[in-house]
1. So what is the relative contact order for segment 1-94, in percent, with contacts set as C-alpha pairs under 8 Å and at least six apart?
2. With contacts defined as alpha carbon pairs under 8 Å and 6 or more residues apart, what's the relative contact order of segment 83-230 in percent?
3. Once the principal axes of the Cα atoms of segment 195-250 are found, what is the range along each, listed largest first in whole angstroms?
4. So for segment 83-230, considering every pair of alpha-carbon atoms, how many percent are separated by more than 21 Å?
5. Rounded, prolate or oblate: pick one for the chain, where a ≥ b ≥ c are the square roots of the eigenvalues of its C-alpha gyration tensor, a/c under 1.5 means rounded, and failing that, prolate if a/b is larger than b/c, else oblate.
6. Just Gly116, Gly166, Gly223 to compare: in a GNM of the chain, with alpha carbon springs under 10 Å, which one fluctuates most?
7. Which residue, Thr6, Pro95, Ala46, has the largest displacement toward the positive end of the dipole of segment 1-107 when charges sit on each Cβ (Lys, Arg +1; Asp, Glu -1)?
8. Can you order the peptides 94-106, 73-85 by their average number of other Cβ atoms within 10 Å per residue, highest first?
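Just so you know, all these numbers are worked out from the coordinates, no wet-lab data involved. Quick caveat, the model's predicted, so the values are computed rather than measured. Neighbour counts run over all protein chains shown; Cβ positions are idealised from the backbone, glycine included.
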Amino acid sequence: MKLTVTHTLTLALASPPRAVAHLLLTPLSTPQQRVERWSIDMPGLAQAAVFRDGFGNRAHLVSQHKPGDTLVVTATGSIETIDKAGVLGRLDYDPPPAMYLRSTALTLPDETLLAGIDGGRIAMLHELMDRVHDRTGPTQTQSADSQEQSAGTSDVAALTHAFVAGARALDIPARYVTGYVFDEGEASVHAWAEAWDEGLGWIGFDPTLNFCPSDTHIRLASGLDATGATPLRMVPAPADITQSVEIIAA
């Protein structure tokens, strides 16, 4: 499926003398998606440092002197997505999978969620996804930080963190992924998880929608949790971030 994306972020600033923005807004081509074109419109981007971070993401570091009260960032492009039943495989620049066994403050496991899960690795991961999806109410992994929330709604972040924490507790490397989803004609910034299998490589699991990512998903970045995969972070932190996503299917 060919998808055209327009993602606009509007940040309310406190007019500091200098601000630094860290962007993970550049999707990479993978077995599940082919990036045909992509661009970011943002003041100061032409002078940005561009690099691969420790998680293999393409990052931009933008420094701005005397920014105004409002900063608008727009990412737009065209991507062809391929349904691989969630199987991402192995990517260039990926760190060792064992790195993703490390817990963080946002990925503390809930042992009650894991009770009785057994069987093969893939079966356990699907069972974990079902259990996380069936949870109701907020979890202890939910973050209130407005910049972390730009990785998805609080419920989406909480469910994704719960899955990642559960997989790691089962001794399965798992990582937090941000991107976009085009679900029933509605587009949004989204988050899901990827878990490691020695035979298949990385496999996506979306506990919010309760299925493996398909051609409705566009992958942006990954990390240990939402903090490391958030599409845009700024220091000093903005007073507010609002965003909109439009996706058109060809």
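1. On the way: 178 pairs, mean separation 44.3, N = 94.
That works out to 47 percent.
2. Numbers: 292 pairs, mean separation 45.6, N = 148.
That works out to 31 percent.
3. 44, 32, 19
4. On the way: 3808 of 10878 pairs.
Summing the P(r) tail past 21 Å for segment 83-230 gives 35 percent.
5. Values: a/c = 1.79, a/b = 1.48, b/c = 1.21.
Judged from the Cα gyration tensor, the chain comes out prolate (a/c at least 1.5, a/b above b/c).
6. Between Gly116, Gly166, Gly223, it is Gly116 that shows the largest mean-square fluctuation.
7. Pro95
8. Details: 94-106: 15.4, 73-85: 17.2.
Per-residue Cβ counts within 10 Å, averaged per peptide and sorted highest first, yield 73-85, 94-106.
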